[in-house]
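Every number here is computed from the coordinates shown, using simple stated rules; none is lab data. What you are looking at is a predicted structure, and each value in this text was computed from that prediction instead of being measured. Positions of Cβ are generated from backbone atoms using ideal geometry, with glycine treated the same way; all protein chains shown enter the neighbour counts.
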Amino acid sequence: MSPDGRRPLVGGNWKMHMLRGEAEEYCRSFVTGLGDVAAEVALFPSHPLLPAVAGALAGSPVGCGGQDIHPEEKGAHTGDVSGPQLVDAGCSWVLCGHSERRQDHGESDELVGQKADAAIRHGLAPLICIGETLEERQANRTFEVLERQLGRALAGRPDPFAVAYEPIWAIGTGETATPEMAQEAHGFLRELLADLVGDEAAAARRILYGGSAKPGNAAELFAQPDIDGFLVGGASLDPESFIAIIRCCG
Ligand code: PEP
């Protein structure tokens with residue numbers, strides 16, 4: 001727990017990896033190996049795997065979530081997935097605005113806000129992903145980008161949500177933000193949240209770091225006062241590495 005009472009949160013984003021048999025095998029060894037940990041943990045498999053993963057995690061403290069959500073409840077939206085479908089598949093979380101969706105599918109800040117709204121409406125907790133490109137960082141535009149992305153995604157909403165700060169240049173590249181760089185961004189986001197949703201909600205919201213988090217760098221990142229856990233991509237595909245990262249969180 002942080003001094004403000006925030007329980008660490010660690011998400012495993014499997015992206016477009018794994019088949020059902022591998023996913024079930026992963027969940028068995030993951031749940032057995034995890035034991036008691038301080039952090040809340042959730043897995044984010046791709047949509048076809050959700051029922052199998054939710055089933056394999058049933059009775060364990062590990063939750064699961066979708067990697068995307070459509071703003072509408074149902075309708076003619078081929079290839080999309082709705083909030084009620086995610087809930088029906090056993091989800092309690094959903095990623096909104098992951099940089100790979102912003103890049104591959106042209107998701108705008110406004111659309112990410114609509115997705116977060118839909119999540120809340122259907123009882124899912126949105127994990128809102130934001131972060132700057134390398135060019136934006138080099139042009140000293142990081143804070144401006146974060147302010148725009150978070151402001152538009154939240155639009156003043158005080159409901160429960162979590163934020164993942166994921167500098168795009170660190171995602172899947174093996175290059176991690178230094179603890180100082182990450183804390184600078186997380187501290188900025190905490191202050192921004194206070195302006196957007198008020199001091200109390202800002203102190204309660206969890207801000208995760210994402211971008212090549214691994215067992216070797218997680219402890220010093222987690223030691224920063226405004227880092228409340230991780231969204232992990234590559235290293236979450238191996239249960240042992242993922243467990244090692246989770247154990248760094250208190
Ligand atoms: C991610 O996909 O959210 C992520 C942080 O990936 P990686 O850990 O592989 O950088």
- Query: So, counting K/R as plus one and D/E as minus one, what does the shell of residues with Cβ under 15 Å around Glu40 add up to?
  - Reply: +3
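Using only the Cα atoms, work out Rg/Rh for region 30-102, with Rh taken as the Kirkwood radius, to two decimals.
Radius of gyration relative to Kirkwood radius: 1.01.
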- Task: Select from Gln183, Gln224, Gln138 the residue whose mean-square fluctuation is largest in a Gaussian network model of the chain (Cα-Cα springs shorter than 10 Å).
- Result: Gln138
- Which FRET efficiency, nearest 0.05, do Asn140 and Ser108 yield, Cβ-Cβ r, R0 22 Å? 0.40
- Message: Taking just the alpha carbons, could you work out the radius of gyration and Dmax for region 9-247, both in angstroms?
- Response: 16.7, 48
- Query: Kirkwood hydrodynamic radius of region 130-250 from all distinct Cα pairs, in Å?
  - Reply: 14.5 Å
- Could you tell me the distance between the Cα centroids of region 99-141 and region 64-81, to the nearest Å? 15 Å
- State, to one decimal in nm, how far the label point of Asp88 lies from the label point of Met16, with both points 7 Å from Cα in the Cβ direction. 2.5 nm
- Item | Potential extension, Glu175-Met1 segment - 0.36 nm per residue separation minus Cα distance | 59.9 nm
- Message: Given contacts defined as C-alpha pairs under 8 Å and at least six residues apart, what's the relative contact order of the chain, whole-number percent?
- Response: 22 percent
- Output the direction-averaged projected area (hull surface divided by four) of the convex hull of the alpha-carbon atoms of region 66-164, in nm². 6.2 nm²
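Would you compute, from DSSP H runs of 4+ residues alone, the mean residue ellipticity of the chain at 222 nm, taking -39500 (n - 2.57) per run and dividing by the full residue count, rounded to the nearest 500?
-13000 deg cm²/dmol
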- Query: Out of Gly151, Gly79, Gly90, any idea which swings most in a Gaussian network model of the chain, alpha carbons joined below 10 Å?
  - Reply: Gly79
- Note on the structure: Here the residues of region 192-231 lying in the modelled label zone of Glu240, meaning backbone nitrogen under 18 Å from a point 7 Å along Cα-to-Cβ, are 214-218
